[in-house]
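K.L.:
Got a structure for you, written out below as structure tokens; questions coming shortly.
The values are calculated or read from the model by the stated rules, or taken from the named source; none is laboratory data. This structure is a prediction, so every number in the text was calculated from the model and none was measured. So basically every Cβ, Gly included, is an ideal-geometry build from the backbone, and we count neighbours across all protein chains shown.
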Amino acid sequence: MYNTNDIHIPEKRNLAIFFIVLPTTWWLLWVASHSTFLYMFLAAWVYSLLHNTIFSLLHEAAHGVLSNNRLRNDFFGIVSAATFPTSFTMQKIAHLGHHERNRTDKELYDYYLPSESKTVRNIWMYGGNLFGLYWFMIPLSNLLILIAPTYFTSERFIHGPAKALGFEAFLEEIAQYSITRIWFECLLALGYQVALYYLLDLSWQGWLLCHWFFALHWSALQYVDHAWSPRDVINGAWNLKVLPISRLLALNYHYHLAHHRHPQVPWIYLPQYVNANEPQPTFWSIYSTLWGGVRPAPPMSSPAQFPFKSQE
């Protein structure tokens, strides 16, 4: 068993990545806003990959392993969250809660329970994970927080619209915290996006295309690394096979089972915690099966299902 006190956080490397990738995403947004159709789409595609690198740094910050210094960790977490755009505090609460709810009835998107509508769950799957609406719900929730913060954390919203959209469990936890800090972080995120839009003279078409491509990538990845895995809070994830460049850009995010087993281990060490004797399906083998829709949920503690082609 590892001792987190003995693990070196690669802060200098993380910050170097941050300061290289962030300006590159600005340039890609500019290219998408001022170029012909072909270069617009190419810029959006590259943006979808590099913007996910910033998200991976946000993920490190949520676990407190972006920097050894708490203030620097949270500062870069807040800035990374603003680029997403979201609140760092809200993302941290939601993500750490995910580690507790993973594959339980409260967080299960590839299956549907006997009490649930298969049609509704398929809408969540197709709209949220496959068409990118999962990401779009986050900026929209930020706007709702800014406009009506008390409503966002109210029982009426949590057990009404949020439940219908599959976010009830997330908001139940968020509502237990002060909304004030979250509100200011959402304001910062909005300010960042508005400033970027005007300073770079972006077009709404370029901005939207870049973020839709990112939404398609990010929204799918959030569940491809869990779909059909064991119904186990810790072991309900996959170490996915992807191209080396994809793994590098995502900061080993595809080693998701290793991460769930060792959530305090920084990204550069995750390969050491991958068991080569366990299944490592490809990203695309699982992604393709999600288009087949949700399936009846097996009971908790059930082993992995293998409806995908590759079990390598």
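K.L.:
Could you check how many residues of segment 1-13 are modelled with pLDDT under 95 and assigned to a helix (DSSP H, G or I)?
P.N.:
Qualifying residue count for the region: 3.
K.L.:
If I ask for residues that are among the charged types (D, E, K, R) and either farther than 17 Å from Asn102 by Cβ or surrounded by 20 or more Cβ atoms within 10 Å (Cβ to Cβ) (or both), which ones from segment 219-239 would you list?
P.N.:
Once the filter is applied, which keeps residues that are among the charged types (D, E, K, R) and either farther than 17 Å from Asn102 by Cβ or surrounded by 20 or more Cβ atoms within 10 Å (Cβ to Cβ) (or both), segment 219-239 yields Asp225, Arg231.
K.L.:
Could you check segment 234-267 and list, in sequence order, the residues that are touching a Leu at 6+ places or on another chain (Cβ under 8 Å), of a type outside the set (Gly, Ala, Ser) and within 23 Å of Leu22 (Cα to Cα)?
P.N.:
Of everything in segment 234-267, those that are touching a Leu at 6+ places or on another chain (Cβ under 8 Å), of a type outside the set (Gly, Ala, Ser) and within 23 Å of Leu22 (Cα to Cα) turn out to be Leu249, Leu251, Asn252, Tyr253, His254, Trp267.
K.L.:
Kindly provide the set of residues from segment 202-215 that are out of contact with any Leu (no Cβ under 8 Å at 6 or more places or on another chain) and in a helix (DSSP H, G or I), ordered by number.
P.N.:
Listed by number, the residues that qualify are Trp204, Gln205, Leu208, Leu209, His211, Trp212, Phe213, Phe214.
K.L.:
Then there's this: Suppose the filter is among the aromatic types (Phe, Trp, Tyr), closer than 24 Å to Leu270 by Cα and touching a residue at least 40 places away in the same chain (Cβ under 8 Å); does Phe88 pass it?
P.N.:
Yes: the conditions hold for Phe88.
K.L.:
Let me ask something additional. Being buried (at least 18 other Cβ atoms within 10 Å of the Cβ) and either small (Gly, Ala, Ser) or in contact with a Pro (Cβ under 7 Å, 6 or more places away or on another chain) (or both) is the filter here, so list the residues in segment 170-182 that pass it.
P.N.:
Residue satisfying the conditions is Ile179 alone.
K.L.:
Do any residues in segment 227-256 that are at positive phi have Cβ atoms under 7 Å from those of residues that are of a type in the set (S, T, N, Q), where the two are at least six apart or on different chains, and which pairs are they?
P.N.:
Trp228/Gln305; Leu251/Thr53; Leu251/Ser56
K.L.:
Please give the number of the condition Gly77 fails out of (1) closer than 18 Å to Tyr177 by Cβ; (2) in contact (Cβ under 8 Å) with a residue 40 or more places away in the chain; (3) crowded, with 18+ Cβ neighbours inside 10 Å.
P.N.:
(2)
K.L.:
Does Ala16 satisfy the condition of being under 27 Å from Gln272 (Cβ atoms), at pLDDT 95 or above and of a type in the set (Gly, Ala, Ser)?
P.N.:
Yes.
K.L.:
Still on this structure, please answer the following. Could you list all residues from segment 110-169 that are surrounded by 14 or more Cβ atoms within 10 Å (Cβ to Cβ) and more than 26 Å from Leu216 (Cα to Cα)?
P.N.:
Pro149, Thr153, Ser154, Phe157, listed by residue number.
K.L.:
Moving on to the next point. Considering only residues that are under 14 Å from the mean Cα position of the chain (by Cα) and over 19 Å from Gln280 (Cβ atoms), which ones fall in segment 214-231?
P.N.:
Residues satisfying the conditions are Phe214, Ala215, Leu216, His217, Trp218, Ser219.
K.L.:
Taking segment 157-201 as the region of interest, how many residues are closer than 21 Å to Lys118 by Cα, free of Cβ contacts under 8 Å to residues at least 24 places away in the same chain and not in a helix (DSSP H, G or I)?
P.N.:
Total meeting the criteria: 2.
K.L.:
Sticking with this one: Kindly indicate whether Thr104 is surrounded by 23 or more Cβ atoms within 10 Å (Cβ to Cβ), β-branched (Val, Ile, Thr) and either in contact with a helix residue (DSSP H, G or I) (Cβ under 9 Å, 6 or more places away or on another chain) or touching a residue at least 60 places away in the same chain (Cβ under 8 Å) (or both).
P.N.:
Judged against the criteria, Thr104 is not a match.
K.L.:
Here's another thing I want to ask about it. Of all residues in segment 262-284, how many are farther than 20 Å from Pro10 by Cβ and of a type outside the set (A, V, I, L, M, F, W, C)?
P.N.:
Qualifying residue count for the region: 7.
K.L.:
Return yes or no: is Leu49 touching a residue at least 40 places away in the same chain (Cβ under 8 Å) and surrounded by fewer than 19 Cβ atoms within 10 Å (Cβ to Cβ)?
P.N.:
yes
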